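The structure appears below as structure tokens.
The values are calculated or read from the model by the stated rules, or taken from the named source; none is laboratory data. This one's a predicted model, so the numbers in the text were calculated from it and none came from an experiment. Heads up, the Cβs are rebuilt from the backbone with ideal geometry, glycines too, and the neighbour counts pull from every protein chain shown.
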């Protein structure tokens, strides 16, 4: 929360309106249709992130613009093509990655601020979108993210070709659909934490990712944590937190 005396002095001297002061002191940006958590970075170390699905274009643009006034980084996930076009038109310096379904704005360029990297390992190319969502989230934490794609167990020699690079990572995110076996295989070959992301990729008995989720939850290999189906953001967030704790930097 903002310093009370400083805010009151700014109001008295005309530097802040009553409404702006209220927002600073309550740490809530009230847009009527949304109550933005402006104090989240101070509490958790990472600012509020926007889940774009289900929001109108007008709501999303308004939320994004308000957060830009208070945060150094604003990230929106699950952004549709129409939402992306509207954000790009309203905010010229925004970055939109339609492959990842994200929109991103930052005051300064996103560069790694700590040694090491997070490996985002995918079983197949069909897992690309979820993997990219995880990768961009990791980058917002100030960590390097390397996506190592299409190394699933159906052609396990591909995994061994990239195993040295995977083993050197500080944290590993495994993204896999179908039966979801990749996370257990990788965890049995490395000495780093593995965050497993089941995806909804697969045929009928995959049950929209449920089979991969159950496989990952029942992994025999140790050191595996599992997030929800298609939740690349959640995996990237956890990986970013772990890397930040293991190798603190300037962010």
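If you check residue 232 against the conditions, is it in contact (Cβ under 8 Å) with a residue 24 or more places away in the chain and closer than 23 Å to residue 189 by Cα?
Numbers: in contact (Cβ under 8 Å) with a residue 24 or more places away in the chain: yes; closer than 23 Å to residue 189 by Cα: yes.
Yes, satisfied.
Go through region 121-164 residue by residue and tally those that are modelled with pLDDT of 90 or more, farther than 22 Å from residue 96 by Cα and part of a helix (DSSP H, G or I).
7
In region 174-194, which residues are farther than 13 Å from residue 212 by Cα and without any contact (Cβ under 8 Å) to a residue 40 or more places away in the chain? Break it down stepwise before answering.
Filtering region 174-194 down to residues farther than 13 Å from residue 212 by Cα leaves 185-194.
Selection gives 185, 187, 188, 189, 190, 191, 192, 194.
Of the residues 147, 121, 197, which is closer than 26 Å to residue 45 by Cα, in contact (Cβ under 8 Å) with a residue 12 or more places away in the chain, surrounded by fewer than 23 Cβ atoms within 10 Å (Cβ to Cβ) and touching a strand residue (DSSP E or B) at 6+ places or on another chain (Cβ under 6 Å)?
Working: 121 fails: surrounded by fewer than 23 Cβ atoms within 10 Å (Cβ to Cβ); 197 fails: surrounded by fewer than 23 Cβ atoms within 10 Å (Cβ to Cβ).
That would be 147, the only listed residue that is closer than 26 Å to residue 45 by Cα, in contact (Cβ under 8 Å) with a residue 12 or more places away in the chain, surrounded by fewer than 23 Cβ atoms within 10 Å (Cβ to Cβ) and touching a strand residue (DSSP E or B) at 6+ places or on another chain (Cβ under 6 Å).
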